[in-house]
Amino acid sequence: MSRRPIRRCTRCTRDRPHRALGLCDSCYTRRPGARRYDAPIGAAPGAPGVLRSAEVIAGRVEDYRELTREMRLSKKAAAARLGISYKTALRYEQRLRAEAAA
Ligand SMILES: [Zn+2]
């Protein structure tokens, strides 16, 4: 049994076990400014992981183009070389096709 007191949540107004800040578990988890552990790695400035600024991505797409078009690497091999996922490689493909069509 939960030892936490049942309180009316200040957000959803349901009577539920109190978590903190006057909120129930789900409202506390979703409160504005809450840390989101499913957020992409590297999304925050200075965070580790693959960089995501527009110039960096454009440079990586260009590297990907060279690896696949000039060096004739497979999508999978090029993705491994650049440290991106296969899914991202597919997004780069889409981008290169769109640029080629423009
Ligand atoms: Zn709530």
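The values are calculated or read from the model by the stated rules, or taken from the named source; none is laboratory data. Since the model is a prediction, treat every value here as computed from it, not as a measurement. Methodologically, a virtual Cβ is constructed for each residue, glycine included, from the backbone with ideal geometry; neighbour enumeration extends over all protein chains shown.
Let me spell it out: the conditions are (1) of a type in the set (A, V, I, L, M); (2) within 30 Å of Pro5 (Cβ to Cβ); (3) at pLDDT 90 or above, and Ala34 meets all of them except one. Which number is the exception?
It fails just one condition, (3).
Could we say that Thr29 is surrounded by 11 or more Cβ atoms within 10 Å (Cβ to Cβ) and either touching a His at 6+ places or on another chain (Cβ under 7 Å) or modelled with pLDDT of 90 or more (or both) here? Working first, answer last.
Numbers: surrounded by 11 or more Cβ atoms within 10 Å (Cβ to Cβ): yes; either touching a His at 6+ places or on another chain (Cβ under 7 Å) or modelled with pLDDT of 90 or more (or both): no.
Judged against the criteria, Thr29 is not a match.
If you scan the stretch 5-30, which residues turn out to be near the ligand (Cβ under 7 Å from one of its atoms), of a type in the set (A, V, I, L, M, F, W, C) and part of a strand (DSSP E or B)? Outline the logic, then answer.
First pass over the stretch 5-30, keeping only residues near the ligand (Cβ under 7 Å from one of its atoms): 9, 11-12, 14, 16, 23-24, 26-27.
This time we only want the ones that are of a type in the set (A, V, I, L, M, F, W, C), so: 9, 12, 23-24, 27.
Scanning the stretch 5-30 gives Leu23, Cys24.
Just to be sure I understand the filter: pairs with C-beta atoms under 7 Å, separated by 6 or more residues or on different chains, first member in the stretch 73-97 and under 14 Å from Gly59 (Cα atoms) and acidic (Asp, Glu), second member assigned to a loop (DSSP other than H, G, I, E, B) and at pLDDT below 95. Which pairs pass?
Note: no pairs meet the criteria.
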